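Enquirer: Following this message is one structure expressed as structure tokens.
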Amino acid sequence: MLEMKGITKIYNPGTVQELCIFQDFSLSIETGGFVSVVGSNGSGKTSMLNLICGSICPDGGSILIDERDITREKEFRRARYIGRVYQNPALGTCPSMTILENLSLADHKGQKQGLRAGTDRNRVQGYRDLLAPLGLGLENMLQSKVGTLSGGQRQALALLMSTMTPISFLILDEHTAALDPKTADIIMDLTDRIVREKHLTAIMVTHNLRYAVQYGNRLIMMHQGKAVLDQAGADKENVDIDGLLRLFNEISIECGN
């Protein structure tokens, strides 16, 4: 279980740009849950992901995984059990390296590195088998530089790379936002399959209300650092896009948008 307890986070404290994004914010996510998070810009969605991943530290409160306090644990240490896919496909891959080199790099995440070949030729067929189900032709492009791929191909590769080593949590930060609708659907189907097959706990921030309703077993709407909607299980299944959009618009009108 992931727990955020009494989290406070203030950006630019003591300046005219001071912004309190969280004040005594708490959230628990059960192991194996797939949580979709929606909300307007500035509601705290990405800040919450950054706190979980260790990209930023809270000013107060604690973050626990299975009752183990990770509040001050470094980001690179959390990366051993947390995979993250970003909105920008370029952030999850190395464009100047080939697909094979990228996969080899991800394959050895968290392991000690010595003076040895960067790619294991014995793993090549395994990489092809990993890529083939995507239907994007990447299994036949192992020697291609990742920077030459389309956004959808790079995002699919980034998603696979983030889950190649054993992890417990998958963090998805608007990972379909930069893709065209057809490619975004492919990435979402892949995401759902990976989460189910690897029994991951997943947190997905998205602006796509259809994806928020269709995928996962829990839906949270954030607003001004608070969860104004939190539906799970059967309640989540009864949420429809029109109702979600209506609530979203009501909140926007209250804020003067």
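The values are calculated or read from the model by the stated rules, or taken from the named source; none is laboratory data. Since the structure is predicted, the reported quantities are computational estimates derived from the model, not experimental observations. With ideal geometry, Cβ positions are generated from the backbone for all residues, glycine too; neighbour counts draw on all protein chains shown. Accessible surface is based on the protein model in full, side chains and every heavy atom, while ligands, DNA and RNA are left aside. Shrake-Rupley method; radii C 1.70, N 1.55, O 1.52, S 1.80 Å.
Enquirer: If I model a spin label as a point 7 Å beyond the Cα along the Cα-Cβ vector, how far apart are those points for residue 235 and residue 128 in nm?
Expert: 5.1 nm
Enquirer: Could you give the Stokes-Einstein D for the range 120-257 in µm² per second, using the C-alpha Kirkwood radius, 25 °C, 0.890 mPa s?
Expert: Working: Rh = 17.0 Å.
So the translational diffusion coefficient is about 145 µm²/s.
Enquirer: Further, regarding this structure: Output the peptides 225-231, 129-135 sorted from most to least packed, where packing is the average of other Cβ atoms within 10 Å over each peptide's residues.
Expert: Values: 225-231: 16.6, 129-135: 14.9.
Ranking the peptides 225-231, 129-135 by packing returns 225-231, 129-135.
Enquirer: Report the trypsin sites (Lys or Arg not before Pro) located in the range 15-102 that are in a DSSP loop and have at most 16 other Cβ atoms inside 10 Å of their Cβ, or state none. List each step's numbers first, then the result.
Expert: Details: sites: 45, 68, 72, 74, 77, 78, 80, 84; in loops: 72, 74, 80.
Loop-located and lightly packed - 72, 74, 80.
Enquirer: Under a Cβ-Cβ cut-off of 14 Å, what is the net charge of the residues other than residue 153 that fall near it, where Lys and Arg count +1 and Asp and Glu count -1? All intermediate terms of the calculation are to be shown ahead of the outcome.
Expert: On the way: positive: 145, 154, 182; negative: 139, 180.
With Lys, Arg at +1 and Asp, Glu at -1, the neighbours total +1.
Enquirer: On the accessible surface of the range 5-60, probed at 1.4 Å, how many percent belong to carbon and sulfur atoms? Kindly include the intermediate steps, with their values, before the conclusion.
Expert: On the way: 1200 of 2450 Å².
Carbon and sulfur together cover 49 percent of it.
Enquirer: Okay, moving on. Once the range 1-42 is represented by equal point scatterers at the alpha-carbon sites, with solvent omitted, what log10 I(q)/I(0) does the Debye formula produce at q = 0.15, 0.20, 0.23 Å⁻¹?
Expert: Summing over Cα pairs of the range 1-42 leads to -0.53, -0.79, -0.90.
Enquirer: Here is a follow-up. Could you pull out every one of the lysines with an alpha carbon less than 30 Å from that of residue 74, ignoring same-chain neighbours closer than 8 positions?
Expert: 5, 9, 45, 109, 112, 198, 226
Enquirer: Right, next: Sort out for me the Cα centre separation of the range 171-192 from the range 21-91, rounded to whole Å.
Expert: Value for the Cα centre distance between the two parts: 20 Å.
Enquirer: Would you mind telling me which residue in 57, 20, 94 has the biggest mean-square fluctuation in a Gaussian network model of the chain, where springs connect alpha carbons within a distance under 10 angstrom?
Expert: Comparing 57, 20, 94 in the GNM, the peak value goes to 20.
Enquirer: If you project the alpha carbons of the chain onto the principal axes, what extent comes out on each, in Å, largest first?
Expert: Cα spread of the chain along its principal axes, largest to smallest: 56, 39, 36 Å.
Enquirer: Related question: Thinking of the range 37-115 as a set of Cα atoms, what percent of all their pairs are more than 15 Å apart?
Expert: Working: 2092 of 3081 pairs.
When all Cα pairs of the range 37-115 are counted, 68 percent exceed 15 Å.
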